[in-house]
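A.B. asks: This structure is in structure tokens; I'll ask about it shortly.
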Amino acid sequence: MTQRTVTHASFTLERRYKATPARVYRALSDPATKQKWFTPPEAWNKDVHAMDFRIGGIETSVGGPVGGAVHSFKAIYQDIVPDERIVYTYDMHLDDTRISVSLATFELVPDGDHTLLKLTEMGAYLDGFEDGNAIRKEGTAILLDNLGRFLDREGAN
């Protein structure tokens with residue numbers, strides 16, 4: 001019998017972008033725009049991505065390293081306040097094994113001619129994936145840095 005475990009953990013990441021909250025929100029919420037920065041590592045196969053951005057809508061992303069496990073992300077949007085807040089719940093799978101269930105909240109706060117993005121994530125890491133929070137924090141930080149580079153290229157408005 002497989003031993004079942006759960007480890008609860010959370011993290012918060014903050015970034016300050018030289019862009020309006022509306023611009024940052026658009027980069028998070030518009031499917032075509034999000035595909036320009038929400039990209040897998042170079043060593044991975046091309047991601048399959050779909051996004052229905054509305055309360056109750058689902059976003060999926062499936063991909064993984066060549067020859068490695070398939071990583072599957074499935075989110076459900078729980079709360080959306082345009083230009084201010086996005087909240088979703090999601091689960092992650094490696095191949096057919098669910099490794100975590102999480103709640104993520106993006107807050108966008110005007111800060112002069114910048115936007116302060118605050119992301120808080122709370123996760124339940126399942127059945128031996130105890131180090132999942134550190135791995136998730138690292139991967140999310142990379143994605144937020146990708147978002148910053150995209151916003152720098154595309155301009156503030």
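The values are calculated or read from the model by the stated rules, or taken from the named source; none is laboratory data. Here the structure is a predicted model, which is why all the values come from computation and not from measurement. Because the Cβ atoms are built from the backbone with ideal geometry, glycine has one as well, and the counts that use them run over all protein chains shown.
A.B. asks: Exactly one condition in (1) over 14 Å from the mean Cα position of the chain (by Cα); (2) touching a residue at least 12 places away in the same chain (Cβ under 8 Å); (3) closer than 15 Å to ILE142 by Cβ is not met by GLU42; state its number.
C.D. replies: Here GLU42 clears every test but (2).
A.B. asks: Of all the residues that make up the range 1-46, how many are surrounded by 12 or more Cβ atoms within 10 Å (Cβ to Cβ), assigned to a loop (DSSP other than H, G, I, E, B) and out of contact with any Leu (no Cβ under 8 Å at 6 or more places or on another chain)?
C.D. replies: Selection size over the range 1-46: 7.
A.B. asks: Among GLY56, GLY123, GLY67, which is over 20 Å from PHE38 (Cα atoms) and touching a residue at least 24 places away in the same chain (Cβ under 8 Å)?
C.D. replies: Working: GLY56 fails: touching a residue at least 24 places away in the same chain (Cβ under 8 Å); GLY67 fails: touching a residue at least 24 places away in the same chain (Cβ under 8 Å).
Of GLY56, GLY123, GLY67, the one residue that is over 20 Å from PHE38 (Cα atoms) and touching a residue at least 24 places away in the same chain (Cβ under 8 Å) is GLY123.
A.B. asks: Right, next: Going residue by residue through the range 126-135, is there one that turns out to be closer than 16 Å to TYR25 by Cα and within 15 Å of the chain's Cα centre (by Cα)? Steps first, please.
C.D. replies: Pass one, the range 126-135, residues closer than 16 Å to TYR25 by Cα: none.
The answer is no; no qualifying residue exists.
A.B. asks: Is the range 10-31 home to any residue that is farther than 23 Å from ARG85 by Cα, of a type in the set (Asp, Glu) and out of contact with any Cys (no Cβ under 7 Å at 6 or more places or on another chain)? I'd like the intermediate steps shown before the answer.
C.D. replies: Taking the range 10-31 first, the residues farther than 23 Å from ARG85 by Cα are none.
No.
A.B. asks: Moving on to the next point. Would you mention how many residues in the range 66-124 are among the small types (Gly, Ala, Ser), loosely packed, with under 14 Cβ neighbours inside 10 Å and in contact with a Phe, Trp or Tyr (Cβ under 7 Å, 6 or more places away or on another chain)?
C.D. replies: So the count comes out to 0.
A.B. asks: For the range 60-99, give me each residue that is part of a strand (DSSP E or B), aliphatic (A, V, I, L, M) and out of contact with any Ser or Thr (no Cβ under 9 Å at 6 or more places or on another chain). Spell out how you get there, then give the answer.
C.D. replies: The first filter runs over the range 60-99 and keeps only residues part of a strand (DSSP E or B), leaving 60-63, 65, 71-81, 85-94, 97-99.
Keeping just the survivors that are aliphatic (A, V, I, L, M) gives 62, 75-76, 80-81, 86-87, 92, 94, 99.
Matches in the range 60-99: VAL81, ILE99.
A.B. asks: Something else about it: Is one or more of the residues making up the range 142-150 in contact with a strand residue (DSSP E or B) (Cβ under 7 Å, 6 or more places away or on another chain), part of a helix (DSSP H, G or I) and farther than 14 Å from ALA75 by Cα? Break it down stepwise before answering.
C.D. replies: Initially, the range 142-150 is screened for residues in contact with a strand residue (DSSP E or B) (Cβ under 7 Å, 6 or more places away or on another chain), giving 144, 148.
Then drop every residue that is not part of a helix (DSSP H, G or I), which leaves 144, 148.
Filter once more, so that each one left must be farther than 14 Å from ALA75 by Cα: 144, 148.
Yes; the residues of the range 142-150 include at least one that is in contact with a strand residue (DSSP E or B) (Cβ under 7 Å, 6 or more places away or on another chain), part of a helix (DSSP H, G or I) and farther than 14 Å from ALA75 by Cα.
A.B. asks: Do you know which residues across the range 93-118 are modelled with pLDDT of 95 or more, farther than 17 Å from HIS8 by Cα and either touching a Gly at 6+ places or on another chain (Cβ under 7 Å) or hydrophobic (A, V, I, L, M, F, W, C) (or both)?
C.D. replies: PHE106, LEU108, VAL109, LEU116, LEU117
A.B. asks: Are there any pairs, at least 6 apart or on different chains, whose C-beta atoms fall under 9 Å, with the first in the range 134-149 and over 16 Å from SER102 (Cα atoms) and the second at pLDDT 95 or above and in a helix (DSSP H, G or I), and if so, which?
C.D. replies: From residues that are over 16 Å from SER102 (Cα atoms), the pairs are LEU147/VAL24; LEU147/ALA27; LEU147/LEU28.
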